[in-house]
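Q: Pasting a structure below so you can have a look.
Read the figures in this text as sums done on the coordinates, not as results from a lab. Only a predicted model underlies this, so the values are computations on that prediction, with no experimental measurement involved. A quick note on method: Cβ atoms are made from the backbone with ideal geometry, for glycine too, and the neighbour counts reach across all protein chains shown.
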Amino acid sequence: MAPSPTLIREFAAEAGFDLVRFGPADPGPHGDRFAEWLEAGRAGEMDYLAQNAEKIRNPTSWAPGVRSAISLAYDYGTADPVRIEGGGRIARYARGRDYHRFLGKATKRIRAFLESEGVPHGDTKVGTDAVPILERALATRAGLGFLAKSSGVIAPAHGPYLFLSEVLTSLELPFDDPASGTCGTCTRCIDACPTSAIVAPHELDARRCLSYTTIELRGSIPTELRKAQGDWLFGCDVCLEVCPFTRHGRSGDADATLPPELQPHPAIESFALVGILELTEAEWEEQWVGTAIRRARRTGMRRNAAVVLGNLGDGEALPALERALADDDPIVRGHAAWAIGEIDPRSGALDARLRAENDETVVAELRGALARR
C-alpha cells in the first residue's frame, strides 16, 4: 500500500526540507523556453545542458513510469554576507557544507522511505542539482514558489534563498495549487545586476552572470566583466539581496541560529584573499574538501582572487600578484597581469614578464596592463 500524501510531507520535513509540494514530473511549457534559451547560446560553455536537453525536457525518457514530482526546498538564507579575510565575498549558498551532499542524502532517505512503504524499487528517482531536470520549472509547477524576474524561484514565506531538490515517483500524488504572489512591478534584481545579465524579466544570459563567470567558466573572465565583478570571489548574491522577499525566512532573521549545514566551512574562515591567489594544490585537495566552492576548481578560484584584488586596488597585494606572473598556470598569470594593471601599471614586473612570456593570451593581458600607464 502506497504512503499517504500527508505521510510523505511529514517524512520530507523530518528529513530536513522546509517546503514540500507535489506537481507534474515534466517541465511543461518551461521546456520550450529552455530549448529557446539554449538555441540563443545563453548557456555559455555549459555544454552538458545541450547534451542532456532531451532528457531535461522529457524526464520520462530516462525515468519511465514517473507520474509526479515531489518538489522540495531548503531555506539557506543568512542575514550576513560571507566575506573572506582581506576582502572578497562568497555567495551564501557556498558558506558551509556542499549542498549536493547533505541534501542528496536527504532525498535518498525519502526514496528509501517510499520503497519501504511499497513503492517498487527503481520507480523513484532523486536529485539535487545533479540530474537532468529543470528543477525551477518543477518547483513552480508544484506550487513551491513563483518564478522571479531573475529566473530564480521565490517562496513567498521563505524568500529567494532556496536549495531545490526533486523526487520523481510513479505515485499519482494530488498536485498542489500554484504559489501565491508575484514580482509585480518590482525590477530591483534587473536594475541591480552588476553585469546586466538579466536581459529581460525571466531571461538570464548566463554568459554575463557572475555565478557563471566565477564558477562555471573555465577560461579567462571576459575583460569587460571584470570591473563589474567587484569583490565577488565566488558566485553573486546581488539579485537575491535586493529582493523584497528576503525579509522572509531565515535571511530576514538576524537572530536565526544557523544549522550545522550552513556553518562556515573551515577553509573560508582560515584563508585570506591573497592566500587563495597563492593556493597550492596540496592545500586545495586537503583543506577545501566538502564545499561547493570546489566547483570552481583551483584555477578558477585563483583567477577570481586576482580579479578581486585588482578591483580592491590594495597595493599590499602587489608582491603576491607579481609572484603570480611566474605561475605555471597561464590563466592565473593573465589575470594577475590585469590586476597589477589596475593597481600599479608602472610595475617593472609587467615588463620583465612580457620579455619572458610565450603564451599569446598572457602577452595580450600584459600589454593591456602596460597600456594603462
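Q: In the stretch 59-91, which chymotrypsin sites (Phe, Trp or Tyr not before Pro) are in a loop and have at most 15 other Cβ atoms within 10 Å, using DSSP for the loop call?
A: Qualifying residues, ordered by number: none.
Q: Let me ask another. Could you give the dipole magnitude of the stretch 265-373 about its Cα centre, charging the beta-carbon of Lys and Arg +1 and that of Asp and Glu -1, in debye to the nearest 20? Don't skip to the end; give the middle numbers.
A: Numbers: 14 positive and 19 negative charges, 78 e Å.
That gives a dipole near 380 debye.
Q: Ranked by Cβ crowding within 10 angstrom, fewest neighbours first, how are His202, His30 ordered?
A: His202, His30
Q: Roughly what percent of Cα-Cα pairs across the stretch 200-318 reach past 20 Å? Walk me through the numbers on the way to the answer.
A: Numbers: 3654 of 7021 pairs.
It works out to 52 percent of all Cα pairs.
Q: I want to check a number: in the chain, how many lysine pairs have alpha carbons closer than 24 Å, given a sequence separation of 8 or more or different chains?
A: Total qualifying Lys-Lys pairs in the chain comes to 5.
Q: Using only the Cα atoms of the stretch 13-109, what do you get for the radius of gyration and for Dmax, in Å?
A: 17.2, 53
Q: With a sphere of radius 15 Å drawn around the Cβ of Leu72, what net charge do the other residues whose Cβ falls strictly inside it have (Lys, Arg +1; Asp, Glu -1)? Could the numbers behind the result be given before it?
A: Numbers: positive: Arg9, Arg21, Lys105, Lys108, Arg109, Arg111, Lys125, Arg136, Arg141; negative: Glu10, Glu14, Asp18, Asp75, Asp129, Glu135, Glu166, Asp176, Glu261.
Result for the neighbourhood of Leu72: 0.
Q: On to the next question. Once the chain is represented by equal point scatterers at the alpha-carbon sites, with solvent omitted, what log10 I(q)/I(0) does the Debye formula produce at q = 0.11, 0.13 Å⁻¹?
A: Taking Cα atoms of the chain as identical point scatterers yields -0.80, -1.06.
Q: Regarding the stretch 265-373, what is the average projected area of its C-alpha convex hull, in nm²?
A: Dividing the Cα hull surface by four gives the mean projection, 6.5 nm².
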